[in-house]
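Since the structure comes first, as structure tokens, the remarks are kept for the end.
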Amino acid sequence: MVQRIEWSPAFELGVEEIDNDHRHLFGLVQEMYEFVEKADIDLCHTGTERLIDALKEHFTREEKFLERIGYPDAGAHKEFHKLLLTRAEKLKQLCVDGGNHGTIEACYTEVMTFLFDEIIRGDAKFKSYIDHHHHGRRPV
């Protein structure tokens with residue numbers, strides 16, 4: 001059975017555009033949770049396409065933001081984004097191929113875990129950078 005993770009204000013970075021993206025991504029993942037639970041392959045495929053599109057848009061915005069503020073680990077963060085997209089593409093392919101429910105659940109859980117890691121662990125690093133270098137003021 002897949003896990004369900006709820007959005008928490010504790011996940012916020014204080015950068016409105018990125019926080020809005022994260023809330024939207026969590027919403028899409030919650031939607032995917034419903035599709036996986038129902039074992040609806042068609043909805044999983046459609047939902048995965050929407051998630052991948054949203055991830056690409058978010059990653060582009062976030063990477064530009066990190067470059068703009070001079071975040072020293074921006075390159076490593078970009079590589080992490082590529083890894084997450086690869087996992088999401090794998091989930092999409094499982095849906096296209098009509099993979100069994102257990103396989104789709106496992107892949108969904110992996111994508112969800114990576115997304116959670118992206119928001120909580122990966123972005124927490126640059127949150128600390130922002131707090132330290134911008135003295136609590138969020139750059140625009």
From (1) surrounded by fewer than 14 Cβ atoms within 10 Å (Cβ to Cβ); (2) free of Cβ contacts under 8 Å to residues at least 60 places away in the same chain, pick out the condition that doesn't hold for residue 54.
(1)
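Conditions (1) farther than 24 Å from residue 32 by Cβ; (2) at pLDDT 85 or above, marked per residue:
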| site | (1), (2) |
| --- | --- |
| 50 | no, yes |
| 56 | no, yes |
| 66 | yes, yes |
| 69 | yes, yes |
| 139 | yes, no |
Given the conditions (1) of a type in the set (D, E, K, R); (2) surrounded by 15 or more Cβ atoms within 10 Å (Cβ to Cβ); (3) in contact with a Gly (Cβ under 9 Å, 6 or more places away or on another chain), which single one is not true for residue 12?
(3)
Scan 48, 60 and give me the residue that is of a type in the set (Ser, Thr, Tyr) and in contact with a helix residue (DSSP H, G or I) (Cβ under 7 Å, 6 or more places away or on another chain).
48
Specify the residue that is nearest to residue 105 (Cα to Cα); the eligible residues are those in the stretch 33-51 that are buried (at least 17 other Cβ atoms within 10 Å of the Cβ) and among the hydrophobic types (A, V, I, L, M, F, W, C).
36
The lone condition residue 34 fails out of (1) out of contact with any Cys (no Cβ under 9 Å at 6 or more places or on another chain); (2) at pLDDT below 90; (3) under 20 Å from residue 123 (Cα atoms) is (3)
Could you tell me how many of the residues in the stretch 66-77 are in a helix (DSSP H, G or I), touching a helix residue (DSSP H, G or I) at 6+ places or on another chain (Cβ under 9 Å) and touching a residue at least 60 places away in the same chain (Cβ under 8 Å)?
2
Just name the residue that is nearest to residue 130 (Cα to Cα) out of those in the stretch 21-70 that are over 10 Å from the mean Cα position of the chain (by Cα) and of a type in the set (Val, Ile, Thr).
69
Considering the stretch 105-114 alone, what residues qualify as being at pLDDT 75 or above and touching a Phe, Trp or Tyr at 6+ places or on another chain (Cβ under 9 Å)?
108, 112
For residue 103, state whether it is closer than 13 Å to residue 49 by Cα and of a type outside the set (Asp, Glu).
no
Kindly check whether there is at least one residue in the stretch 78-97 that is aromatic (Phe, Trp, Tyr) and either outside any helix (DSSP H, G or I) or crowded, with 19+ Cβ neighbours inside 10 Å (or both).
no
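The values are calculated or read from the model by the stated rules, or taken from the named source; none is laboratory data. Note that this is a predicted model, so its numbers are computed, not measured. FYI the Cβ positions are ideal-geometry reconstructions off the backbone, even for glycines, and counts take in every protein chain you see.
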